[in-house]
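Here, each number is a calculation from the coordinates, and none is a lab measurement. It should be emphasised that the depicted structure is a prediction, and the values quoted were computed from it without experimental measurement. With ideal geometry, Cβ positions are generated from the backbone for all residues, glycine too; neighbour counts draw on all protein chains shown.
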Amino acid sequence: MLEEYTPLDVWIECEIDSKVHVVMFHGDSLTAASESPIPVYDSYATPWALMNGCFAQILANHGSLYATWNDSTAWKWAKYYGLTLPDAVFEDLGSNDVFSGNSLATVQASQNVVMGILRVNFSNAIFYGTISPRNGTATDSARETVRLAFNESNRGLAGGAVQAFDTGHQVESAAGGTLDPRYIAAAESPNNIHLGREGQAFKAIGIPAHLGTRAL
């Protein structure tokens, strides 16, 4: 049964017109749309690409941290090296780093390593998202403080990104600090982390169309 479960690995090789812009979306289970009705397909990357006439290349592993992507020779990176380079990268890791209890400095150091791998092997046009909050025992005040500081760091373009989009705030409650219940995956309660299909689609709206252009 596919519903709500992320497959071990999905490889769909596509040949597309050279005029179609390709954006790589690099993230964790939030990018893979875990807990949504159809994981991967429901990812915010998909509606964003459809809205903007682009192709979404999704690199996302459930449970990923920046620290688990720090080896450029690892299979999870190397299997993509023979493909045509993307026009841009949307970098959306960090949630598991922060909510595992790491300090801001530790997360930033791991992020810098991954940013170097992306620049050398894929694109200099790297864009950041921001991390959405978690609810219930999935968070605490200390982790929330680091989340806010990391998001501010991303908005300041630490690590060399060209622009940041506040996608975490896009699905946050009006009061702040928690996920908006309208966008939480139906399978999750009360310790909410993941987005449902509606939440994924709403997150996509927070990413401007110019992410997929070569104008940079």
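Annotations for the structure displayed:
- Net charge of Cβ neighbours under 15 Å - reference Gly159; Lys, Arg +1; Asp, Glu -1: -2
- For Gln163, the residues whose modelled amide H falls within less than 5 Å of its own, excluding neighbours fewer than 5 places apart on the same chain, are Tyr128.
- Given the choices (1) 1, 8, 15, 18, 18, 15, 10, 7, 4, 2, 1, 1, 0, 0; (2) 1, 7, 16, 21, 21, 18, 10, 4, 1, 0; (3) 1, 6, 12, 15, 16, 14, 11, 9, 6, 5, 3, 2, 1, 0, 0, P(r) over Cα pairs in 5 Å bins from 0, in percent derived from the coordinates of this structure is entry (2).
- Ranking of Met24, Met51 by count of other Cβ atoms within 10 Å, fewest first: Met51, Met24
- Under a model in which nothing but the beta-carbon of Lys, Arg (+1) and Asp, Glu (-1) is charged, region 22-212 shows a dipole of about 240 debye around its Cα centre.
- Sorted by Cβ density within 10 Å, fewest first, the residues Trp48, Trp77: Trp77, Trp48
- Listed by Cβ neighbour count within 10 Å, with the fewest neighbours leading, Leu148, Leu195, Leu65, Leu179 appear as Leu148, Leu65, Leu179, Leu195.
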